[in-house]
Every structure is written in structure tokens, then in C-alpha cells.
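The values are calculated or read from the model by the stated rules, or taken from the named source; none is laboratory data. Note that the structure is predicted; figures quoted are calculated from it, not measured. Note that each Cβ is placed from the backbone with ideal geometry, even for glycine, and that neighbours are counted across all protein chains shown.
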Amino acid sequence: MNHAPNQPESTFPEDTASDVQLNIVLSWTCDDPDPDDPIHYDVLLGTALDDLHTIVQTSDSRLEVTLNANTRYYWQILAHDSHEGEQISPVWSFTTLNRSPEISETVFPANNQENTNLDIYLSWECFDPDPADSLLYDIYFGTTAQPAVVRVDLTQTSYDPGLLMPNTKYYWKIHAKDSHDAIDVSPVFQFTTLNRSPNEASSPNPEHDAIRILLKTHLSWTGGDLDINDSVVYDIYFGKTQSELALLSSGQSMTEFYPENLQTNTSYYWQIISRDNHASETKGPIWKFKTIAPGFLSFESKQIDVFENQGSITIHVIRNNGNEGEIAVDFETIQDTAMPLIDYTPASGTLIFADGEQIKSFVVNIKDDYRFETNETLNLLLKNPTDQASLGFLNQAVLTIMNDPSDIKAGDIDGNNDVNLSDAILILKILSEFSVENPRQHADTNGDDRLDFYEVLYIFKLLMQ
């Protein structure tokens with residue numbers, strides 16, 4: 001009589017075991033009351049009670065299998081001998097473990113990277129050995145060595161932190177978790193952002209190629225730095241030729257400069273070099289401007305003549321070597337041998353030249369005393385030019401008041417165009433009778449409106465010379 005095998009018993013994994021590895025050896029025990037009967041086994045395996053199926057037939061009571069992660073398996077052993085005796089085991093179960101995701105250290109930016117751009121995406125690689133698992137990521141990011149969480153449950157392997165601060169060290173790490181809450185935590189990575197160079201100087205004043213610039217102008221420009229926490233200083237180079245610019249100011253923080261001793265009608269070149277507190281420099285373009293040509297102010301002539309009977313004379317002031325801009329100059333008459341209010345009326349004032357105007361005038365009034373006398377002079381003076389104008393070489397002139405040719409010499413009593421003894425005798429003859437009031441002006445030699453003994457003395461004095 002044949003006896004069926006005994007019921008198989010599980011030895012590994014234990015029934016209802018959990019966290020079972022994915023590569024295991026199923027094992028069981030079974031014997032036969034008939035010692036000489038060989039036993040064969042059908043191994044049934046499935047992921048549901050109603051889905052058990054034979055995966056192998058074997059005479060060994062051990063079977064190596066590869067399983068899926070985080071899966072509940074059901075299995076059973078059907079033992080049968082060579083005489084068709086059979087015995088089936090109960091259905092056992094176990095659950096495989098869930099494998100954690102694995103974050104690679106291949107990240108961007110690379111750990112300890114320097115000069116990182118400010119507009120980057122953080123990116124990383126993560127592998128889950130369980131292909132069916134979905135992954136979520138928590139992002140930790142900041143400027144401290146223990147960065148705070150900034151995003152949770154991100155599904156993609158990249159993150160936009162926004163525009164970063166320049167010249168700053170950042171720290172970040174990733175928490176990866178799968179659909180079964182298995183977690184992997186990356187190390188803390190770090191990188192440093194780049195320092196951006198200062199802005200190139202722009203918006204120059206005076207504008208590039210500007211002309212007619214005043215001598216008391218100031219240079220200004222727009223500078224700064226995109227890195228708002230950076231401080232910026234400026235070096236100013238200046239000169240009359242583009243190839244020979246000299247350093248006028250170094251390391252100044254202001255965006256303006258006042259050049260000194262500019263010359264009229266001259267081209268100047270200038271350049272700004274900007275430097276931040278990280279020693280990064282930016283050279284600006286070379287700009288050019290030309291100063292105004294207001295001109296030189298002079299009298300038309302150094303010697304000016306006028307007859308006293310002309311009544312007045314117009315004095316011309318000439319603007320030479322440039323006529324740009326509105327300028328002004330003061331003028332005045334200065335006493336010399338001619339007496340103010342007797343020989344001329346003093347004159348003073350300001351002449352204003354409009355832009356482009358080259359000549360202005362003023363008038364000196366002359367007084368005629370109808371008396372013969374020697375030439376008399378007064379001085380003319382230009383002073384106080386304004387708005388970059390300069391005085392020319394002829395900024396002083398001499399105005400000569402010449403005697404009226406029709407005047408009779410004082411003392412010429414008889415009217416023969418000469419003063420001699422006959423004039424003295426004539427006066428004595430007149431005085432022998434009486435003194436004469438309101439005489440002819442040419443006979444009143446001392447100007448007291450009388451003809452008396454003083455006129456005789458005057459004539460004798462002339463005769464003795």
C-alpha cells in the first residue's frame with residue numbers, strides 16, 4: 001500500500017513575514033511515510049489568493065526566486081510521490097520590502113562650484129530600484145549651512161530658486177521619498193555665485209562730441225553695479241588727445257568731476273573706469289567734447305582821435321577768434337589830460353554780445369570850449385569779461401581830443417593868427433580907456449569873462465617862450 005507524502009511545512013519565509021528581500025530562497029520541509037518513495041514538488045506562487053500558479057516543478061525543497069518590491073505574495077507547495085500520492089500545503093504569504101530611492105551626488109551646480117551664474121536651476125539625479133515607485137522631492141535651500149525647506153512634494157528633478165544674489169554662498173539638499181514613504185536624504189551641497197563687474201559708465205555730461213561747452217563745466221556720468229550690495233569707485237582719465245589720457249582722480253565714489261583750467265576752443269577726451277569692492281573693473285568708452293569759443297574782446301584801435309567840435313565819437317569793441325555764446329564786458333573812460341565834464345562826458349557801462357555777435361559800440365560825448373588849446377587825452381578801458389570771454393591785446397586805448405582847427409589862438413587880439421607884441425599893445429590901448437567885460441573869447445586868455453591886465457601878462461609870457 002502506498003502512502004501519500006506528509007503535508008509540506010514552510011521554513012522560509014515565515015508565514016505573513018514582511019520586509020522580505022527581493023532575492024530569496026523559498027524553502028520547506030516534507031517527508032513521505034514510505035521512505036523509499038521520492039518526492040516531487042509543484043511550487044505555486046502568485047500575488048493573489050485566486051492567482052496561484054505553478055512556477056516550477058522540482059525535487060528540491062529549496063527554490064531561488066526574484067520578487068518585486070513591496071508586494072504581498074502567496075505561495076503553496078504540492079508534494080507528490082512516484083505512485084501519484086499527493087499532499088498540498090496550506091497557503092502561506094509574505095510581503096517583500098520597499099527599497100529606498102537613491103539620490104546621486106551628480107548635481108548642478110556641482111558641489112563647491114565657484115562663479116555660478118545668478119539665474120540657474122538646481123538639478124539632481126535620483127534612482128529608485130523599484131521601477132513602479134513614484135518619487136517626490138522636498139527642497140532645502142538658503143544661505144546658511146542648515147538650509148530651510150523651500151518646496152515640498154516636487155515631482156521633477158529640478159528647481160528654480162529665482163534670481164540669486166551675487167557673490168554669495170548657497171547651501172542646498174534634497175529629500176527624496178517614494179510612494180511607500182521610503183526616504184533618501186542627500187548631503188548638503190554648496191556653491192558660490194559670481195561677482196558681476198560694475199556697470200559700464202554711460203550717459204555722459206557733456207554728451208559725446210558735444211561742442212560749445214563752457215569752461216566751468218563739470219563731468220558727470222551714470223555708473224553703479226547690478227550687484228546692489230557692491231560699492232563702486234571711479235577713476236577719471238582726461239586729456240587733449242585720445243591716446244594720452246592722464247589720471248585726474250582715482251577711487252572717487254561720486255559720479256561727477258570738475259576739471260580745472262580748461263582752455264577755450266579746445267577738444268578734450270575723457271574716460272571712466274569703474275571698480276567694485278571685489279576689484280572687478282569695467283572700462284567705459286572714451287568720450288569727447290569741445291569747449292566754447294567765446295572770443296577775445298579788444299578795441300578797434302589803440303589810438304583814437306576826435307576833434308572837439310565833433311560832439312561825440314563812437315567807440316567800437318571787436319570780438320575776435322570766436323563768437324560762441326552770449327558774453328559781456330565792462331567799459332569806462334579814465335581821466336588823463338582831458339578833464340571830465342569840461343572836455344568830455346565820462347562814460348561807463350556794460351556791452352552785451354549776443355551769440356554770434358562780433359561788434360558792439362559805445363559813445364563818448366566831447367565838449368567844445370571854442371578856445372584854442374593843445375591836444376588832450378583820456379584813456380579807454382575794457383574789464384570784467386564774462387562767460388569765458390577774454391580780453392584781447394587791445395583792451396586799453398587812448399582817445400585824443402584834438403583842437404578845433406577853426407579856433408583862434410588865445411591872445412590873438414588882432415586876428416592875424418599869431419600872438420605878438422601888437423596884441424599886447426591893442427589890449428593896453430583898450431585898457432587905457434576902461435576894462436572890457438564880455439570880451440571875445442579868443443581875447444579872454446584867462447577865462448574870467450573880462451579883458452584886463454592879466455591878458456597882457458599872458459601875451460608877454462607867450463612872447464618870452
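Numerical summary
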item	result
Residue within region 251-265 that is in a loop (DSSP other than H, G, I, E, B), surrounded by fewer than 19 Cβ atoms within 10 Å (Cβ to Cβ) and touching an Asp or Glu at 6+ places or on another chain (Cβ under 8 Å) present	no
Test for Thr168: is it surrounded by 13 or more Cβ atoms within 10 Å (Cβ to Cβ), polar (S, T, N, Q) and not assigned by TED's automatic domain parsing to the domain that holds Leu226	yes
Meets criteria (assigned to a loop (DSSP other than H, G, I, E, B), out of contact with any strand residue (DSSP E or B) (no Cβ under 6 Å at 6 or more places or on another chain), of a type outside the set (A, V, I, L, M, F, W, C) and surrounded by 16 or more Cβ atoms within 10 Å (Cβ to Cβ)) for Gly356	no
Residue satisfying all of: in region 217-240; in a strand (DSSP E or B) and of a type in the set (A, V, I, L, M, F, W, C); farthest from Leu262 (Cα to Cα) among these	Val232
Some residue of region 50-63 being loosely packed, with under 13 Cβ neighbours inside 10 Å, outside the structural domain of Asp133 (by TED's automatic domain parsing), touching a residue at least 40 places away in the same chain (Cβ under 8 Å) and not in a strand (DSSP E or B)	no
Residue within region 282-301 that is surrounded by fewer than 13 Cβ atoms within 10 Å (Cβ to Cβ) and assigned to a loop (DSSP other than H, G, I, E, B) present	no
Candidates Asp276, Asp235, Asp209, filtered to the one that is more than 16 Å from the chain's Cα centre (by Cα), acidic (Asp, Glu) and modelled with pLDDT of 95 or more	Asp209
Complete set of residues in region 1-47 that are crowded, with 17+ Cβ neighbours inside 10 Å, under 12 Å from His80 (Cβ atoms) and touching a residue at least 60 places away in the same chain (Cβ under 8 Å)	Ala4, Pro5, Pro8
Strands (runs of 3 or more DSSP E) completely within region 92-170 that count 2 or more residues being over 20 Å from Asn195 (Cα atoms)	92-96, 135-142, 148-154
When residues of region 340-350 are limited to those that are aliphatic (A, V, I, L, M) and either within 49 Å of the chain's Cα centre (by Cα) or loosely packed, with under 13 Cβ neighbours inside 10 Å (or both), the one farthest from Ser361 (Cα to Cα)	Ile342
